[in-house]
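Beneath this line is the structure, given in C-alpha cells, with notes to follow.
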Amino acid sequence: MTTGGGADRVPSAALRTAALEQLLVERGLVDPRMVDAFIANYETNVGPLNGAKVVAKAWTDPDYRRRLLAEGTAAIKELGFGGAQGEHIVVVENTPTAHNVVVCTLCSCYPWPVLGLPPSWYKDPAYRARMVREPRTVLAEMGLDLGDDVQITVRDSTSEVRWLVLPERPAGTEHLSEAELVPLITRDAMVGVAKVAAP
Amino acid sequence: MGGIADLGGTSGWGRVHPPRADEPVFAEPWQGRATALTILAIRLSGRNIDAFRYALDRLDRAAYLDQGYFGRWLNAAEMMLVEGAVLAPGELDARARALSDGHVENPGEPARPDPSAPAWPAAPGSLRTIDAAPAFAVGQRVRAGNGSPAGPTRLPGYVRGHVGIVEAVQPAAVFPDTNALFQGENPQYVYSVRFASHELWGEHADSFAVTVELFENYLEACS
C-alpha cells in the first residue's frame, strides 16, 4: 500500500476511498451510516445461504422445483429473496450429463439476492476470459473434473438476466431434511464450478 | 465498444484462482466502502447502471486492472462523479494525498451538480413491458452483429458475426447502448442465444456451448 509521498505518487485505493467518502460527506451527499448499512447487509444478510435455502427446498419439494425452473424470480421471491441484481433470475439444472456454469465476460454480473456479492475468482480476468473458451480446462483448474460425456453450457451474463445453477443432489443424502441439506450447498456449486458433496 | 472490459476469449491471463471457502466478502475495509460509495455515486452523478458499466469500459488498463475489482469500481465512481460535475478533476487524488501526509494542495473549486441538467429517466430497474412481439422465436438461427460500435455496447466481441440458435426469449429490457448515453431507453426483447464452441472458436475447440443474452438490435435473422 502506498503511504505518504508527494504529488507524484499515486495514493492507495484505501486512501482514495477515504478521500471520496470525505468529499461526498462534506457536500451532504452521503451519510456514512448508509455505507455502514450496505456493508453490514452484504456481510451478514445477503449471501449464498439464501441460494442454499432455495436449492434445498427445490431438492425436497417437487412442486417448488417445477416453479423454480419455470419462473425463477417468482419462486425465489416466495422465500423472501429479491432486489438489486436479481430482477430476472433464471435457474438451470445440472445433471450427470449436462453441466451449466455461469460467467460474466463483460463485467462481473452475479445474482446478488441469492448468492451475495461475487467472490474474487469470479471477478478475475482469467476466469472471465477463459470460461467461454476452454471451460473444461478452467473447471479442472478449479478442482472440478468433468468427463468428456458431460455437455457443458457456459452462461455468459451479458444482460440483466441472472443465472442460478440448481446443482445435483448428491447420492447418500436421501434421508436428510431440507434444513439438514442447506449447509451442504455451496456458492461454488450454485455458480457451477463445483458439485455438492455428501457429508 | 470493445474496451478493456470485453474479456471473453482473450488470452494471457494465466490460471484461474481456485475458490476458497472462507473468503471474506471484503478482505479489506476500504473495499466495502468503495462498493457502497460507487453504488451511491451512480445516482449522485445522475448516471444509471448502463452508464456505470460504460465508465468501467472506458478506464485505462491500469485503472481497470491494477487494484482489482474494487479499485476499478472506485475509479469508475470517480469518472462518473467528475463527468457529473460533483467532483472537480483531480480533486479526489488531491484529497487522498492530503489525507496521507498532510501535504497541502489546492484542490480547486469543488464542482457542483448543475441544477439545469436534464433529469435522467429514473424508472426502477431495467425490465420493461412493450407492445411489440419478439422479432425472433425459440429455435431460430440468428447472427450477431459484426459491427464495432464506437460507444457502449453489451455485445461481446467474441460472438460478433457468429451464428447461434435462440434458446429463450427473455423479458424486454432497457437498451444499454442508448441508455448509457441518456439517449433513450429503447426497450426491446433480449434473447438467450446458444452458440456452439466450434462456431466461436473453430473446429479444434473442445466441444461445449455458450449462451449469451443479446438485445434484439444486435441480431439479424439467418437462414
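Every number in this text was worked out from the coordinates using simple rules, so none of it is lab data. Remember, it's a predicted structure, so these values are computed and weren't measured experimentally. Every residue, glycine as well, gets a Cβ built from its backbone with ideal geometry; the counts of neighbours run over all protein chains shown.
What to note about this one:
- Within the protein assembly as shown, the ratio Rg/Rh, alpha carbon atoms throughout and Rh by Kirkwood, equals 0.97.
- Once Rg and the Kirkwood radius are both taken over the C-alpha atoms of chain B, their ratio Rg/Rh works out to 1.03.
- All Cα pairs of the range A:47-188, percent lying beyond 17 Å: 60
- q = 0.14, 0.20 Å⁻¹: log10 I(q)/I(0) that the Debye formula gives for the range A:56-132, counting C-alpha atoms only: -0.54, -0.98
- With a 10 Å cut-off around each Cβ of B:46-55, the average count of Cβ atoms from other chains is 1.
- Ranking A:Y122, A:M142, A:P32 by Cα position along the charge dipole of chain A, where only Lys, Arg, Asp and Glu carry charges on their C-beta atoms, puts A:P32 farthest toward the positive end.
- The magnitude of the dipole of the protein assembly as shown, with charges of +1 and -1 set on the Cβ of Lys/Arg and Asp/Glu and taken from the Cα centre, is near 140 debye.
- Vicinal HN-Hα couplings computed from phi for the range B:206-223 (Karplus, 6.51 cos²θ - 1.76 cosθ + 1.60; Hz; Gly/Pro x): 4, 8, 6, 10, 10, 9, 10, 7, 10, 6, 3, 4, 7, 10, 10, 5, 9, 6
- The aspartates and glutamates within cross-link reach of A:K57, meaning a Cα-to-Cα straight distance under 16 Å and a gap of 8 or more places when in the same chain, are A:E71, A:E78, A:E93, A:E168, A:E174, A:E178, A:E180.
- Whether the range B:1-73 is rounded, prolate or oblate, judged on the alpha carbon gyration tensor where a/c under 1.5 counts as rounded: oblate
- Simple label model, 7 Å out from Cα along Cβ direction - B:E83 to B:R15, nm: 3.8
- Taking 0.36 nm per residue of separation and subtracting the current Cα-Cα distance, fully stretching the chain between A:A98 and A:T44 would add 16.1 nm.
- Relative packing of peptides B:85-92, B:190-197 - highest average C-beta neighbours within 10 Å first: B:190-197, B:85-92
- Within a Gaussian network of chain A (alpha carbon springs, distance under 10 Å), most fluctuating of A:H88, A:H99, A:H175: A:H175
- Annotation note: GluC sites (Glu not before Pro) in the range A:6-110 located in DSSP loop regions with a Cβ neighbour count of at most 16 within 10 Å are A:E71.
- Across the options B:V86, A:H175, A:S108, the greatest Cα extent toward the positive end of the charge dipole of the protein assembly as shown (unit charges at beta carbon of Lys, Arg, Asp, Glu) belongs to B:V86.
- Along principal axes, Cα extents of the range B:141-221, largest first, whole Å: 43, 26, 19
- Antiparallel DSSP beta bridges within the protein assembly as shown, percent to nearest 5: 55
- Where a label projected 7 Å from the Cα of A:R27 along Cα→Cβ would reach, residues of the range B:65-83 with amide N under 16 Å: B:74-83
- Amide H within-cut-off set for A:L144, under 5 Å, with H built and near neighbours excluded: none
- Based on DSSP H segments of at least four residues, each scored -39500 (n - 2.57), chain B has a per-residue ellipticity at 222 nm of -8500 deg cm²/dmol.
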